[in-house]
Amino acid sequence: MWDKFPVIKEELAAFENYLNSRLSSRNKFLEDASKSVVLSGGKRLRPAFAIIAALHGDYSRDRAFPVAAAVEVLHAATLVHDDIIDNAKTRRGQPTLSEKHNINMAVYTGDYLLTKSLRLLSESGLKPEKLNVLTNAVSLLCESEIEQYLGKYSVTSVNSYLKRILGKTGVLFSASLVLGAKTAALSDDMVRLFRRFGSSFGAAFQIRDDILDILSDSKKEGKPVSNDLKEGIATLPIIMSVRNNALLKDQIGSYFDGKGDLEDIIEKVISSDGIKDAERLKKQYTQKCRTYIEKLPLTSVTGALNEIVDWL
């Protein structure tokens, strides 16, 4: 992804070494478990965003790397907790912590990663009043997760879905960019642009993920497909298909009650244009992303944001 942008590629390689060095612990289990979660793969989009934003101003690894690591470690903590709540057996093709060990050890590891994230953030050199970006993100993320849990086994509105994903997914992308921008002393206007870009990117990213959850092969994605529906969560393709085909709502309700055929529902979601309508909304958010990018000053790394949006 970064071959066209050697500066970013070089910084991310150095960041990976930094991240590995900051996951040490006096407790061998916590260190091994933390590294297995954080270093197990992933695209490192959130750290990349923090670094890209910082490269638009007074860039310093000493300031940018701690905030990039803080967001990535926080993201890993949320994944550990998500896997517990979802009873997930695998992630990225490997057993989850709760599956490999047990729920208690997974909870402790997730909590440890959360505290590690906050400690990393404190090492960035940012003034205390600028550190609330991540704490506010954690609050919004938790609120959105609870709203999702309370809304399980029901088909919500598009607006409720968007509010939820902006809190669940958009907030961490936005925080990455804002924190990176703040480490480089960028103007309030640029910080605002990066915040809005992050929110829109997060929405498009989650919609993409929800579409893949229905369409993709489990071996390719490294996690079970249609897992959201199995867990009682109606994502955007489902919501869109019900809006187009009211009869499908009763069938999904029956499935949530333990009846009905999952494959038949997926076929009807596709035939009712749930996927196409979700793709259309995703495109609206990617277009918003490009609009924000156009307002940023042109640098050697600004084009990387367009490349990432194109990947969606």
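The values are calculated or read from the model by the stated rules, or taken from the named source; none is laboratory data. All values reported here derive from a predicted model rather than from experimental measurement. Positions of Cβ are backbone-derived with ideal geometry, glycine not excepted, and every protein chain shown enters the neighbour counts.
If a residue counts only when it is surrounded by fewer than 19 Cβ atoms within 10 Å (Cβ to Cβ), which helices (runs of 4 or more DSSP H) contained entirely in the range 148-248 have at least 3 such residues?
Output list reads 158-165, 188-215, 218-221.
Every residue in the range 40-93 that is surrounded by 24 or more Cβ atoms within 10 Å (Cβ to Cβ) and among the aromatic types (Phe, Trp, Tyr), please.
Passing the criteria: Phe49, Phe65.
Could you check the range 260-312 and list, in sequence order, the residues that are farther than 11 Å from Phe197 by Cβ, among the hydroxyl-bearing types (Ser, Thr, Tyr) and surrounded by fewer than 14 Cβ atoms within 10 Å (Cβ to Cβ)?
Result: Ser271, Thr299, Ser300.
With the structure loaded, tell me whether Thr109 is β-branched (Val, Ile, Thr) and buried (at least 18 other Cβ atoms within 10 Å of the Cβ) or whether it fails that test.
Yes: the conditions hold for Thr109.
I'd like the full set of residues that are closer than 27 Å to Thr96 by Cα and either without any contact (Cβ under 8 Å) to a residue 40 or more places away in the chain or surrounded by 20 or more Cβ atoms within 10 Å (Cβ to Cβ) (or both), limited to the range 120-140.
Of the range 120-140, the ones closer than 27 Å to Thr96 by Cα are 120-121, 134-135, 137-140.
Leu120, Leu121, Leu134, Thr135, Ala137, Ser139, Leu140 - these are the residues of the range 120-140 that are closer than 27 Å to Thr96 by Cα and either without any contact (Cβ under 8 Å) to a residue 40 or more places away in the chain or surrounded by 20 or more Cβ atoms within 10 Å (Cβ to Cβ) (or both).
Please list, ordered by residue number, the helices (runs of 4 or more DSSP H) wholly in the range 1-64 having 2 or more residues that are modelled with pLDDT of 95 or more and either out of contact with any Pro (no Cβ under 9 Å at 6 or more places or on another chain) or basic (Lys, Arg) (or both).
6-21, 45-54
Taking the range 267-312 on its own, how many of its residues are within 19 Å of Leu247 (Cβ to Cβ), among the aliphatic types (A, V, I, L, M) and under 24 Å from the mean Cα position of the chain (by Cα)?
The qualifying residues number 1.
Among the residues of the range 162-221, write down those that are among the aliphatic types (A, V, I, L, M), within 18 Å of Thr291 (Cα to Cα) and over 14 Å from the mean Cα position of the chain (by Cα).
Within the range 162-221, Val178, Met190, Val191, Leu193 qualify.
The rows are residues; the columns are (1) modelled with pLDDT of 90 or more; (2) within 20 Å of Asn20 (Cα to Cα); (3) hydrophobic (A, V, I, L, M, F, W, C).
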{"residue": "Asn102", "(1), (2), (3)": "no, no, no"}
{"residue": "Arg119", "(1), (2), (3)": "yes, yes, no"}
{"residue": "Lys130", "(1), (2), (3)": "no, no, no"}
{"residue": "Val133", "(1), (2), (3)": "no, no, yes"}
{"residue": "Leu140", "(1), (2), (3)": "yes, no, yes"}
{"residue": "Tyr149", "(1), (2), (3)": "no, no, no"}
{"residue": "Lys152", "(1), (2), (3)": "yes, no, no"}
{"residue": "Val155", "(1), (2), (3)": "yes, no, yes"}
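Out of the residues in the range 141-164 meeting the condition of being among the aliphatic types (A, V, I, L, M) and touching a residue at least 60 places away in the same chain (Cβ under 8 Å), tell me which one is nearest to Gln251 (Cα to Cα). So that I can check it myself, show each step before the final result.
Our first condition is that a residue be among the aliphatic types (A, V, I, L, M); within the range 141-164, this holds for 141, 146, 150, 155, 158, 162.
Subset that is touching a residue at least 60 places away in the same chain (Cβ under 8 Å): 141, 155, 158.
On the way: Leu141: 31, Val155: 11, Val158: 19 Å.
Result: Val155.
Given (1) touching a residue at least 24 places away in the same chain (Cβ under 8 Å); (2) within 22 Å of Leu45 (Cβ to Cβ); (3) β-branched (Val, Ile, Thr), identify the lone condition not met by Val107.
So Val107 meets the others, but not (2).
Checking Leu312 against (1) in contact with a Phe, Trp or Tyr (Cβ under 6 Å, 6 or more places away or on another chain); (2) closer than 24 Å to Lys4 by Cβ; (3) modelled with pLDDT under 95, only one condition comes out false. Which one?
Condition (1) is where Leu312 drops out.
What number of residues within the range 16-65 satisfy the criterion of being charged (D, E, K, R) and under 18 Å from the mean Cα position of the chain (by Cα)? Break it down stepwise before answering.
Of the residues in the range 16-65, the ones charged (D, E, K, R) are 16, 22, 26, 28, 31-32, 35, 43-44, 46, 58, 61-63.
Those still in the list that are under 18 Å from the mean Cα position of the chain (by Cα) too: 43-44, 46.
Residues meeting the conditions: 3.
I'd like to know if the range 44-59 contains one or more residues that are in contact with an Asp or Glu (Cβ under 8 Å, 6 or more places away or on another chain) and at positive phi.
Within the range 44-59 (the criterion being in contact with an Asp or Glu (Cβ under 8 Å, 6 or more places away or on another chain) and at positive phi), the answer is yes, since at least one residue qualifies.
Looking at the range 78-95, can you tell me whether even one residue there is under 23 Å from Ser124 (Cα atoms) and within 14 Å of the chain's Cα centre (by Cα)?
yes
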